[in-house]
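Below is one structure, written out as structure tokens; comments come after it.
The values are calculated or read from the model by the stated rules, or taken from the named source; none is laboratory data. Given the structure is predicted, the values throughout are model-derived calculations rather than measurements. Neighbour counts run over all protein chains shown; Cβ positions are idealised from the backbone, glycine included.
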Amino acid sequence: MAKATKTAPAKPTKPASKAAPKPAVATVAAPAAPVRLTAPEPAPGSQPSMQIVGQFLKDLSFENPNAPNSLGAQSKQPDINISVNVNARNLGPVDFEVELHLDAKASGDGKVIFAAEILYAGLFRMQNFPANLLHPAVLIECPRMLFPFARQILAEATRNGGFPPLMLDPIDFASMYQKRMQTQTVGQA
């Protein structure tokens, strides 16, 4: 995906004794390889249908390298960088695995405060999708359905790591998809 940086307010990763500015959060769509998806042509007059067959946590990592010192007061709010990547692959003629990868790193005072990495996936059955709608449906709508669950896991991991929960703002998967397609078009030219 194309690199797109978005700065948005987020929940502080440290309790503040005084009113302090919220940490800077940069969300970056990580570069991704082209995704090739195929499905049988829909029968004439049939309606597209999407079914979530299952969803699952594939990988979770949380590091708090400077604990317990990182749990104390910080001289300033930490910088939090979030990278997001979406990938998909065919598992069968109408079955697709979609992976949502979230990587969060907080740093302050020249040190890493915490690092979290989540790979959350779902198995989707996409029937009767025309070829021109399959790719965006798999790479926009499927991660949109997975995101609230991955967001909750990230919030719980940071809370269990001794910090306030990191609550991500909603992600615009349609914009990420458009940038990804533009980058791939430029790369092929």
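Within region 82-138, track down each residue that is aromatic (Phe, Trp, Tyr) and part of a strand (DSSP E or B).
Phe96, Phe114, Tyr120, Phe124
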Considering region 69-89 alone, what residues qualify as being surrounded by fewer than 17 Cβ atoms within 10 Å (Cβ to Cβ) and modelled with pLDDT under 85?
Asn69, Leu71, Gly72, Ala73, Ser75, Lys76
Can you pull out every residue in region 103-130 that is basic (Lys, Arg) and either crowded, with 17+ Cβ neighbours inside 10 Å or in contact with a Cys (Cβ under 7 Å, 6 or more places away or on another chain) (or both)?
Lys105
Just to verify a result, which residue in region 168-186, among those that are of a type outside the set (A, V, I, L, M, F, W, C) and part of a loop (DSSP other than H, G, I, E, B), is farthest from Ile118 (Cα to Cα)?
Asp172
So, Leu100, is that one within 18 Å of the chain's Cα centre (by Cα), touching a residue at least 40 places away in the same chain (Cβ under 8 Å) and surrounded by fewer than 22 Cβ atoms within 10 Å (Cβ to Cβ) or not?
no
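Inspect region 155-166 for any residue being assigned to a helix (DSSP H, G or I), in contact (Cβ under 8 Å) with a residue 60 or more places away in the chain and under 18 Å from the mean Cα position of the chain (by Cα) and give the result as yes or no.
yes
Kindly provide the set of residues from region 131-144 that are of a type in the set (A, V, I, L, M) and surrounded by 17 or more Cβ atoms within 10 Å (Cβ to Cβ), ordered by number. Even if it seems obvious, please write down each step before you answer.
If we filter region 131-144 for residues that are of a type in the set (A, V, I, L, M), which is where we start, we get 131, 133-134, 137-140.
Correct list: Leu134, Ala137, Val138, Leu139, Ile140.
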Of the residues Ile118, Ile153, which single one is within 16 Å of Leu57 (Cα to Cα), in contact with a His (Cβ under 8 Å, 6 or more places away or on another chain) and either at pLDDT 95 or above or not small (Gly, Ala, Ser) (or both)?
Ile118
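Out of the residues in region 38-68 meeting the condition of being over 30 Å from Lys179 (Cα atoms) and of a type in the set (S, T, N, Q), tell me which one is surrounded by the fewest Cβ atoms within 10 Å (Cβ to Cβ).
Checked region 38-68; the qualifying residue surrounded by the fewest Cβ atoms within 10 Å (Cβ to Cβ) is Ser46.
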